[in-house]
Amino acid sequence: MRRTKPLAALAVASLMALAACGSGDGPSDTETGDFRETDAGADKDPDAEGPAPELEGAEAGGTITVFLPGDYGPDDLDPTNGWSVTGNSIQQALTSRSLTQYRVDEDGNATLVPDLAVDLGTPNEDYTQWTFQLRDNATWEDGSPITAEEVAFGIARSMDSTAFPGGPGTEYSTQFFAGADEFEGPYTDKDTDWTEWEGVEFDNDANTVTINMSKPFPDMDYWGAFMAMGPAPLGKTSQPPAYGQNIMSNGPYKVESFTPQDELVLVKNDQWDPESDPARHQYADKFVFKFNADPDQTDQIMLSDNTESQTALSTDLSAASYQDALDTLGDRLVQQSTQCTSFIYPVYGKTDLAFRKALAYAYPYEDAWQAGGQVPGVTRVPANSIMPPGMAGKPDYFVDGEQFTFDIEKAKELLAESETPPTIDMIYYEPDPLAVAANEVVVKAYEEAGFTVKSTPVQESPYSTYLNPDDKLNKSLNVRAVAWCSDWPSGSTFIPALFRGGATYNVGEFAEDAIDERIAGVAELPIEEQAAEWGAIDEQIQTEFFPAVPTAYYNQLFAFGSKIGNPSGDEALGAPNYKNLFVMP
């Protein structure tokens, strides 16, 4: 799952979404300054029922304002398109339901539980078919019941990689669901009625949905927690791209207004039935999300404890304000562990190994993090592998025998050995002042190492450029950046999305047949052997080919106002725990 706030064009990684075995201890005491690991929601409870457990001291009413510094937010709200940490964390918690979901306790620990389904699904013996019995008391915001056909249609929409090129279905539905080679989705495939597609079956009378696989998929219950595995209104109502600006809610909140890259306002959905929902609450009257908030102004607001800050929270806190926040916020400064890794990703076919290693030594890790508002050792630590800490099977190795560090002389030596022209063409997100500052630090370091750097500012998400193959600027780039988070607790959500040939978010265009074959073979292994195999593939990719430079693993800092009840994070998404927030009197 990509982070909505990406690597600031190689400068600083702050998102995806998206999305693994470790401590699972939830937020840490920030005063220790320790980087924390997480199991990212590995626990399961198939028997959880609604309503969600009440929170001590919770009250109804009030407005919660969420500042998202330097984070442009989702481009649209179409559930099928949701594959960013920012968008998913908001919508999965508040507006858009799916087959399964995460229940997050008061400490931020997440457990996979049912949502629209009454349990976590029933697989056949080899995990090539899953059946979900749906609950009968879930409705849309207009009061109409959610039907099995609408859930099946939502699943069929996830197959449409043309209508939703950046959606998660490009990685999971098209790779695992039966008939992907014949059905391109309901909007692109004009010759096939979606109900004739073999991948999904529905029975409105029995209220069941059955999903058929092309290969074993034991993680279907986790994939079921994505909005893409939820319902969509039939017919023209959900026609993209218009639906993304005017969605139908089925969660505890509905959209009052949405201005991309600016503001999202959610109000209570009076048709949501808490008895139907094992994990969500509906305490606040309204949520107001402020995208692209100024980092310095937001820090000042959150540290002031004035009227504006008391019922607000910030999804990021800059390094310059860290000590003040420790001194003044106490438990309202939450350090949330995540499973995320950021990468410098040069174009594989345009660069040689010496060039890529020169990038690794020329990158000014801690200086870039600090310039970008991060706290070294707390919110960022150096990365040595693709898979992040806490993920089952994560390998321990060093490509060059030791951790890559900022070493200009070593970078110069490697660049002299390289047959690749010593030029870098990259982009950075100009609306974020921290991204601008970090970009300046990175460019200076690269130039000192001997690179000629062209760093172009962009006004929209860098992913808007990366995912458009016809974009002239995109075609000119030879170095891109990715900040990626696990979609669920497995290497299957990390390595294929970034390193399988032709994968949507494989922005470095890495392709090796041996790796593709090994990735494809994991699904055929016994479940207990798969985590170790993902770790072995991780190590092979990096030690044999080194296509990408891992730059950091993540924790996040969230600042909460003094009247926000249950200030906590969500380990499954590395985001604030929106499901459990309330306003105190």
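List of remarks:
- Filtered by the rule that a residue be part of a loop (DSSP other than H, G, I, E, B), of a type outside the set (Asp, Glu) and within 25 Å of the chain's Cα centre (by Cα), segment 451-483 gives GLN459, SER461, LEU467, ASN468, PRO469, LEU477, ASN478.
- Filtered residues of segment 201-243 (kept if part of a strand (DSSP E or B) and surrounded by fewer than 24 Cβ atoms within 10 Å (Cβ to Cβ)): GLU201, PHE202, ASP203, THR208, THR210, ASN212, MET213
- Residue match in segment 442-450 (condition: assigned to a loop (DSSP other than H, G, I, E, B) and within 26 Å of GLN370 (Cα to Cα)): yes
- Cβ pairs under 6 Å, 6+ apart, first in segment 379-390 and under 12 Å from PHE404 (Cβ atoms), second of a type in the set (Asp, Glu): SER385/ASP538
- Tally of residues being in contact with a strand residue (DSSP E or B) (Cβ under 7 Å, 6 or more places away or on another chain) and either closer than 25 Å to LYS44 by Cα or in a loop (DSSP other than H, G, I, E, B) (or both) across segment 140-158: 6
- LEU359 being surrounded by fewer than 20 Cβ atoms within 10 Å (Cβ to Cβ), assigned to a helix (DSSP H, G or I) and of a type outside the set (Val, Ile, Thr): no
- Considered as a group, the residues in segment 89-106 that are in contact with a strand residue (DSSP E or B) (Cβ under 9 Å, 6 or more places away or on another chain) and modelled with pLDDT under 95 include one that is nearest to SER158 (Cα to Cα), and that residue is VAL104.
- Among residues of segment 507-525 being over 23 Å from ASP396 (Cα atoms) and assigned to a loop (DSSP other than H, G, I, E, B), the one that is nearest to the chain's Cα centre (by Cα) is VAL507.
- Residues of segment 410-441 that are over 30 Å from ASP76 (Cβ atoms) and outside any helix (DSSP H, G or I): SER418, GLU419, THR420, PRO421, PRO422, THR423, ILE424.
The values are calculated or read from the model by the stated rules, or taken from the named source; none is laboratory data. Keep in mind the model is a prediction, meaning the values are calculated, not measured. Because the Cβ atoms are built from the backbone with ideal geometry, glycine has one as well, and the counts that use them run over all protein chains shown.
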